[in-house]
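Report on the structure given below.
The values are calculated or read from the model by the stated rules, or taken from the named source; none is laboratory data. Quick caveat: nothing in here was measured; it's all calculated off a predicted structure. All Cβ positions, glycine included, derive from the backbone under ideal geometry; neighbour counts span all protein chains shown.
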Amino acid sequence: MVECRIKICSPSTVAVRAIHKFKLIAKYCGSKPVLGTSTNILELRTIAIKKNLMYFISHIFVGKIFQTASNLNSLKARTIVITFAFLPDIPVGFIYLLLGRANNRPFWIPYNSDWIGVRETHPWWAATWEIPHSLFFGVLFIIPLVLYLNWPKIAIVSYFSHILLDLFTHTGEWGVKPFYPFNYIVNGFTDAWAWPLCYMMISWIILSMMIFVAQQIAKNRGKTIRSKFESANYEKADDLRI
């Protein structure tokens, strides 16, 4: 025997859900869609993936700023600093596929609406991105890890920069819980992952300029250190002559 459960929604609930989905489509497309027109869902999911990747790239740019400013020499050290800038978002990639699979989406690519209520329906999944975005995790795990392995300390700053940026660039359902496991959500002022490409490009240009400035500062600092070292050697040479 097959048990069928029918959930009857009030007209107001249906209207609210319809408006919410309408807003989600508008976020993905970067403009408001026209009501009554058919929307290619696969195209929307493709746009969603691209926008999440673009936001991922933005974190890499931020990590590059810290890596450049620290003037690190080894490839390993530079890689660590840049990786720590996007490290908190790595678990989201696995949850992305699990959520798409759970909702029977083609290619396991979830709709944006599938994320609504994930914290309540899949608390263990949600914990995999809540924990890395928690300040407690950063203090109790990331800082000791970096110090124990003797990695560049600037990697700690790179990691916390991710949490700081997400506090301001995630709203509503995607708001960050900086004091997880405490249920306190910071509602930012925008969803940067949903920005149109032109806005994202502007942010990349600004970040690229910051990388250039950091590079110049690192070069000048290196010249200053070398000049002080050379002057110290000259003084020692003069003392030996005397």
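When segment 131-146 is examined, which residues are found to be under 26 Å from T68 (Cβ atoms) and outside any helix (DSSP H, G or I)?
P132, H133
Which residue pairs have Cβ atoms closer than 7 Å, lie 6 or more positions apart in sequence or on different chains, and pair a first residue in segment 55-80 that is free of Cβ contacts under 8 Å to residues at least 24 places away in the same chain and in a helix (DSSP H, G or I) with a second residue that is crowded, with 18+ Cβ neighbours inside 10 Å and of a type in the set (S, T, N, Q)?
From residues that are free of Cβ contacts under 8 Å to residues at least 24 places away in the same chain and in a helix (DSSP H, G or I), the pairs are R78/Q67.
I202: in a helix (DSSP H, G or I) and at pLDDT 85 or above, yes or no?
Against the criterion (in a helix (DSSP H, G or I) and at pLDDT 85 or above), I202 qualifies.
Looking at segment 147-164, which of its residues are assigned to a helix (DSSP H, G or I) and free of Cβ contacts under 8 Å to residues at least 60 places away in the same chain?
L147, Y148, F160, L164
For segment 168-180, enumerate the residues that are buried (at least 18 other Cβ atoms within 10 Å of the Cβ) and either within 23 Å of R78 (Cβ to Cβ) or at pLDDT 90 or above (or both).
V176, K177, P178, Y180
Can you list the helices (runs of 4 or more DSSP H) found entirely within segment 90-130 that contain at least 2 residues being touching a Pro at 6+ places or on another chain (Cβ under 9 Å), surrounded by 16 or more Cβ atoms within 10 Å (Cβ to Cβ) and of a type outside the set (A, V, I, L, M)?
Working: elements: 90-102, 118-121, 123-130.
The qualifying helices (runs of 4 or more DSSP H) are 90-102, 123-130.
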